[in-house]
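Presented below is the structure to which this report refers.
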Amino acid sequence: MSYQLLRRDFLRLGAGVCALSLNGPVWLGQQAFSTPSLISPGCWKSKVRIAKIYMGTPKAHWPTPLMDLTSEMQRYEEEINGMQDGFSDVEFVASELVTSLEQAEQLKEKVDGVDGILIIHLSMGILPLIKPILSAGYPTVLFSAPYSGHEWIHFGELEKEAKGQLVVILSSDLRKLADGINPIRAIHHLREAKILNLTTNPMDNSLLEKARTVFGTEIVPVSLDRILSLYHAIPDSEARSETDKWIIKAMEVVEPSQEEIYRSCKLALAFERLLEEEQATVITADCYGSMHHKLPAYPCIGFTRLNDIGLGGICESDLESALTFILFQGLCGRPGFISDPTVDGDTIILAHCLGTRKMEGPNKPGAPYKLRSIMERQEGAVPQIFMKAGNSVTQARIVGVEKILCFTGQIIAAPDNDRGCRTKITVRVDGDVESLWKNWSHGLHRVTCLGNIRKGIERFCGFKNLEFIDEARPV
């Protein structure tokens, strides 16, 4: 079999390629399955419902008694309308100007059923107006630009009194308005999420109940017969076309045969069809346990593909990593990379055979990859992803729906060696590596995403009353 010949034939025929956007997969030259468009990565059921409330008092001394509150409100509206990347999946169910306590009390009754509230501080005199809104009990973000008023000196105390319900952002950078919404989006994603677990082993009923109670997340088992039926229903032509795409785009095909890649790609298409039928966004499989050698192929290519298009594929029936993956999609719109870490001096190497090509997000270019066997099994087919050095990263894990372990750092290398797992990144840790490995607990896996989203995780923990633990800080 000549992969170079296949590459030439593919280019000559002009086969379709996949264009990815925040609204899900769009195939050029070939129609994908009828998967509904994602509203945002990781969510396709509904938009995030936010009540937007402007607060100010007429002729206040700060910022200036000459301020026209309506004009100032319009200035913010124009800025928000221009930030489609941050608000494309947000439905503002209210956009009200509140200038009196009476208005605040009345508005409290109108925000029923929202995901959260955004308060924008326009002028001095708003402190009494905030508390009626907080009494509605929704996650609330208060944005206050410089010169808006002196109330900021009370906001710290107000946050403490709100016991995690309130996040305050003091900044002139209006892009941080979107940052404030991210933890509310993550809550929404988890509440609407459905995780499929492909296993014949009994699941932890305690975790399932906690996930449903605390986050609203549904976790359901999927039978082997179900996925095999979908696998056999995939037309060979579609599976061959998918196989060609993976081979052509690879830097190199090393160990896997074309037949191995074909079966992996056919299973990948079955996964997508299953998620569509179940209206789920994430699937995990007991790949080294009850599903080992029972599936027609290892799920790695299929899971990578789901991660790339805004859905999610998770290794080893790791439900806590699945929840963390959904959290990341809500906080930053990017997928995660689950890893088995190993420590090297003052760095940590995050390694797993299953990588994610589109770590920057579904609508961004994918990283280069080779098609390899699974290292520790010396069989199967998996993309070995080469992530770009220089990016900041966040590692985290939701534990028991009660706390989140977290550390941050920067990618300094993407090692290519035949030890450990295929896809690897070396991360210089923000903090103390010795404290990190001495503090390590709750299993091997951590989930990594691009960008430092520590602040978003902390705010999410506040809203959901979870403990936040920085693993790289001295005990």
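The values are calculated or read from the model by the stated rules, or taken from the named source; none is laboratory data. Since we're looking at a predicted model, the values are computed, not measured. With ideal geometry, Cβ positions are generated from the backbone for all residues, glycine too; neighbour counts draw on all protein chains shown.
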### Query
If you check G312, G336, G302, which single one turns out to be within 24 Å of P202 (Cβ to Cβ) and crowded, with 22+ Cβ neighbours inside 10 Å?
G312
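Select from the range 287-302 the residues that are under 22 Å from the mean Cα position of the chain (by Cα) and part of a loop (DSSP other than H, G, I, E, B) and list them in ascending order.
P299
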#### Entry: Number of the condition not met by F325 [criteria: (1) buried (at least 24 other Cβ atoms within 10 Å of the Cβ); (2) within 20 Å of D225 (Cα to Cα)]
(2)
### Query
What do you reckon, is T324 at pLDDT 90 or above, more than 24 Å from A250 (Cα to Cα) and in a strand (DSSP E or B)?
no
### Query
Out of the residues in the range 168-202 that are surrounded by fewer than 24 Cβ atoms within 10 Å (Cβ to Cβ) and within 13 Å of the chain's Cα centre (by Cα), which is farthest from P299 (Cα to Cα)?
N182
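Kindly evaluate E72 against the criterion of being surrounded by 13 or more Cβ atoms within 10 Å (Cβ to Cβ), touching a Gly at 6+ places or on another chain (Cβ under 8 Å) and in contact (Cβ under 8 Å) with a residue 12 or more places away in the chain. Break it down stepwise before answering.
Values: surrounded by 13 or more Cβ atoms within 10 Å (Cβ to Cβ): yes; touching a Gly at 6+ places or on another chain (Cβ under 8 Å): yes; in contact (Cβ under 8 Å) with a residue 12 or more places away in the chain: yes.
The answer is yes for E72.
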### Task
Might you let me know whether the range 212-231 holds any residue that is more than 28 Å from the chain's Cα centre (by Cα) and not acidic (D, E)?
yes
### Query
Among the residues of the range 9-21, is any surrounded by 12 or more Cβ atoms within 10 Å (Cβ to Cβ), at pLDDT 95 or above and either of a type in the set (D, E) or under 30 Å from E151 (Cβ atoms) (or both)?
no
### Message
When you scan the range 200-221, do you find a residue that is within 17 Å of M291 (Cβ to Cβ), out of contact with any helix residue (DSSP H, G or I) (no Cβ under 7 Å at 6 or more places or on another chain), in the same structural domain as Y288 (by TED's automatic domain parsing) and not in a loop (DSSP other than H, G, I, E, B), even just one?
### Response
yes
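I need the full set of residues from the range 40-66 which are in a loop (DSSP other than H, G, I, E, B) and crowded, with 17+ Cβ neighbours inside 10 Å, in order please.
Restricting attention to the range 40-66, the residues satisfying the condition of being in a loop (DSSP other than H, G, I, E, B) are 41-42, 44-47, 56-66.
Result: P41, G42, W44, K47, G56, T57, A60, P63.
Kindly provide the set of residues from the range 156-199 that are charged (D, E, K, R) and either part of a helix (DSSP H, G or I) or in contact with a Pro (Cβ under 9 Å, 6 or more places away or on another chain) (or both), ordered by number. Don't jump to the end; show me each part of the working.
Step one: list which residues in the range 156-199 are charged (D, E, K, R), which gives 157, 159-161, 163, 173, 175-176, 179, 185, 191-192, 194.
Scanning the range 156-199 gives E157, E159, K160, E161, K176, D179, R185, R191, E192.
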### Message
I need a count of the residues in the range 108-136 that are at pLDDT 95 or above, in a loop (DSSP other than H, G, I, E, B) and either within 30 Å of the chain's Cα centre (by Cα) or crowded, with 23+ Cβ neighbours inside 10 Å (or both).
### Response
5
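Every residue, every condition in (1) of a type in the set (V, I, T); (2) part of a strand (DSSP E or B); (3) touching a residue at least 60 places away in the same chain (Cβ under 8 Å), yes or no:
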{"residue": "Q329", "(1), (2), (3)": "no, no, yes"}
{"residue": "R334", "(1), (2), (3)": "no, no, yes"}
{"residue": "S339", "(1), (2), (3)": "no, yes, yes"}
{"residue": "T342", "(1), (2), (3)": "yes, yes, yes"}
{"residue": "I348", "(1), (2), (3)": "yes, yes, yes"}
### Message
Residues to consider are V447, V401; find the one that is more than 16 Å from the chain's Cα centre (by Cα), under 27 Å from A472 (Cα atoms) and at pLDDT 90 or above.
### Response
V401
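With respect to Q103, is the statement that it is of a type in the set (S, T, N, Q), more than 23 Å from E159 (Cβ to Cβ) and either in contact with a Pro (Cβ under 9 Å, 6 or more places away or on another chain) or crowded, with 16+ Cβ neighbours inside 10 Å (or both) true? Write out each step before concluding.
Details: of a type in the set (S, T, N, Q): yes; more than 23 Å from E159 (Cβ to Cβ): yes; either in contact with a Pro (Cβ under 9 Å, 6 or more places away or on another chain) or crowded, with 16+ Cβ neighbours inside 10 Å (or both): yes.
Against the criterion (of a type in the set (S, T, N, Q), more than 23 Å from E159 (Cβ to Cβ) and either in contact with a Pro (Cβ under 9 Å, 6 or more places away or on another chain) or crowded, with 16+ Cβ neighbours inside 10 Å (or both)), Q103 qualifies.
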### Message
S144 - would you say it is in contact with a His (Cβ under 7 Å, 6 or more places away or on another chain) and either surrounded by fewer than 22 Cβ atoms within 10 Å (Cβ to Cβ) or outside the structural domain of C461 (by TED's automatic domain parsing) (or both)?
### Response
yes
### Message
Here is a list: G420, G443, G431. Which entry is part of a loop (DSSP other than H, G, I, E, B), surrounded by fewer than 22 Cβ atoms within 10 Å (Cβ to Cβ) and touching a Phe, Trp or Tyr at 6+ places or on another chain (Cβ under 7 Å)?
### Response
G431
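Does G164 satisfy the condition of being more than 32 Å from the chain's Cα centre (by Cα) and either of a type outside the set (V, I, T) or farther than 20 Å from L466 by Cβ (or both)?
On the way: more than 32 Å from the chain's Cα centre (by Cα): no; either of a type outside the set (V, I, T) or farther than 20 Å from L466 by Cβ (or both): yes.
Spelling it out, it is not the case that G164 is more than 32 Å from the chain's Cα centre (by Cα) and either of a type outside the set (V, I, T) or farther than 20 Å from L466 by Cβ (or both).
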